[in-house]
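*Asks:* Structure below; questions to follow.
The values are calculated or read from the model by the stated rules, or taken from the named source; none is laboratory data. Since the model is a prediction, treat every value here as computed from it, not as a measurement. Cβ sites come from the backbone with ideal geometry, for glycine too, and all protein chains shown count toward neighbours. The area values use the complete protein model at the heavy-atom level, side chains included, leaving out ligands, DNA and RNA. Shrake-Rupley method; radii C 1.70, N 1.55, O 1.52, S 1.80 Å.
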Amino acid sequence: LCDSIIAGSEMKTILDEAAEASSYLWENGWAERNAGNLSVDISDALSSSIILSGDERFRPLAGSYPSLAGRSYLVTGTGRRFRDLAKDAGQNSCILRMTDGGDGFNIVWGGLDNPDFNPTSEWPAHLRVHEFLRASGAPENVVLHTHPTEMIALTHMPEYKNEQTLCQALWSMHPEVKVTLPIGIGFARYMVPGTEELAMETVEAFRRGFKIVLWEMHGCVAIAGSVMSAFDLIDTANKSAKILLMCRAAGLTPQGLEKHQQDELVAAFGLKE
Ligand SMILES: [Zn+2]
């Protein structure tokens, strides 16, 4: 394999951010082994880059995604580690281009150490989210899945297995969460990872306006306009979960920000709830 990339400035920023965010995910303990995955719609960013492709590697898809025909994505590799992506994007991620029919793709760069390289097994689920983002004209082009420990811990507690109490708990632990995620986060009940059912449930939550969807007893998916913003959203929400659990671990039931204190934030920051 001899493909290489001369990344334009936009593409270079995306690759740099992907590497930086990957190391944060690993340092936070949210990306054990090959956990988590990332995809970025780079169709626009790629225009100023030059890819010298050795041989394009075609991969069929079980589903069809006609609205994504011809679009290009940076996607992490299946079985690859986020901590390795931070060191070498070329070996642990790939750039792929969807076919004209949207029912397959060609890997045009990346996976450099393995001719059998494939994007994450969650790629079909990412595609469903990208499909929604395109159809709704959303500004987000990044889909990030990771395992934020404290947020997952909350989903093991019966009282937080619904959006209302979950959002209230996160908002009440830190004002930043209300400001950053004013409508809260979505919640998806436990389903087998990688299923179309979970993908559709996740898309439904994004359709309701959430930027993060928390998967019960598994992890979360965030959408954002940059890799770093996606990381920041999860980092902010997880901070609240951490504070809540610290209080619980100390044997305390935290009082949290009162309703009127949250309302003050809505007014002060002109938030849309
Ligand atoms: Zn996962």
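*Asks:* Projecting each Cα onto the charge dipole of the chain (Lys/Arg +1, Asp/Glu -1 at the beta carbon, about the Cα centre), which of Ala19, Met173, Phe206 comes out farthest on the positive side?
*Replies:* Met173
*Asks:* Continuing with the same structure: Just read off the accessible area of Met217 with the full protein assembly in place, 1.4 Å probe, to the nearest 10 Å².
*Replies:* 80
*Asks:* What full-extension length gain, to one decimal in nm, is calculated for Ser23 and Ser67 as 0.36 nm per residue of separation minus the Cα-Cα distance?
*Replies:* Numbers: separation 44, 0.36 × 44 = 15.84 nm, distance 3.26 nm.
Between Ser23 and Ser67, full extension yields an extra 12.6 nm.
*Asks:* Taking R0 as 35 Å, what's the FRET efficiency between Lys161 and Thr78 from their Cβ-Cβ distance, rounded to 0.05?
*Replies:* On the way: r = 30 Å, r/R0 = 0.85.
Once the sixth-power term is evaluated, E becomes 0.75.
*Asks:* Answer with one residue from Gly70, Ala237, Gly137: the one whose Cα lies farthest towards the positive end of the charge dipole of the chain, charges on Cβ with Lys, Arg +1 and Asp, Glu -1.
*Replies:* Ala237
*Asks:* Next up: Using a 10 Å cut-off on Cβ atoms, rank the peptides 68-81, 104-117 from the highest mean neighbour count down.
*Replies:* Details: 68-81: 20.9, 104-117: 18.6.
Ranking the peptides 68-81, 104-117 by packing returns 68-81, 104-117.
*Asks:* Residue by residue through the stretch 77-91, what is 3J(HN,Hα) from phi via Karplus (6.51 cos²θ - 1.76 cosθ + 1.60, θ = phi - 60°)? Round to whole Hz and write x for glycine and proline.
*Replies:* x, 5, x, 8, 9, 4, 5, 7, 4, 4, 8, 8, 5, x, 8
*Asks:* Any lysines with Cα under 25 Å of the Lys239 Cα? List them, leaving off those in the same chain fewer than 8 positions away.
*Replies:* Those lysines meeting the cut-off are Lys161, Lys178, Lys211, Lys259, Lys272.
*Asks:* Assuming R0 = 35 Å, what is the FRET efficiency of Leu271 and Asp55, from their Cβ-Cβ distance, to the nearest 0.05? Working shown, then result.
*Replies:* Details: r = 51 Å, r/R0 = 1.44.
It comes to 0.10.
*Asks:* What accessible area per residue comes out for the stretch 1-132, rounded to a whole number of Å², with a 1.4 Å probe? Can you show the working numbers first?
*Replies:* Working: 5560 Å² over 132 residues.
So the stretch 1-132 comes to 42 Å² accessible per residue, rounded to a whole number.
*Asks:* Pairs of alpha-carbon atoms within less than 8 angstrom and 6+ residues apart define the contacts here; what relative contact order does the stretch 179-231 have, in percent?
*Replies:* Numbers: 58 pairs, mean separation 17.9, N = 53.
About 34 percent, as a whole number.
*Asks:* Something else: Please report how far the C-alpha centroid of the stretch 10-51 lies from that of the stretch 180-210, rounded to the nearest whole angstrom.
*Replies:* Rounded to whole Å, the Cα centres lie 22 Å apart.
*Asks:* May I pose another question? Pairs of alpha-carbon atoms within less than 8 angstrom and 6+ residues apart define the contacts here; what relative contact order does the stretch 70-225 have, in percent?
*Replies:* Working: 234 pairs, mean separation 33.8, N = 156.
Across the stretch 70-225, relative contact order equals 22 percent.
*Asks:* Another question, if that's okay. Return, ordered by residue number, the residues of the stretch 170-193 whose backbone nitrogen is under 16 Å from a label point located 7 Å along Cα→Cβ of Arg248.
*Replies:* 170-174
*Asks:* State, as an integer percentage, the relative contact order of the chain based on alpha-carbon contacts under 8 Å between residues 6 or more apart. Display every interim value, and only then the final one.
*Replies:* Values: 537 pairs, mean separation 52.5, N = 273.
It rounds to 19 percent for the chain.
*Asks:* Now for a separate question. Note down the Stokes-Einstein diffusion coefficient of the chain in µm²/s, whole number, using a Kirkwood radius over alpha carbon pairs, 4 °C, and 1.567 mPa s.
*Replies:* On the way: Rh = 19.2 Å.
The Stokes-Einstein estimate is 67 µm²/s.
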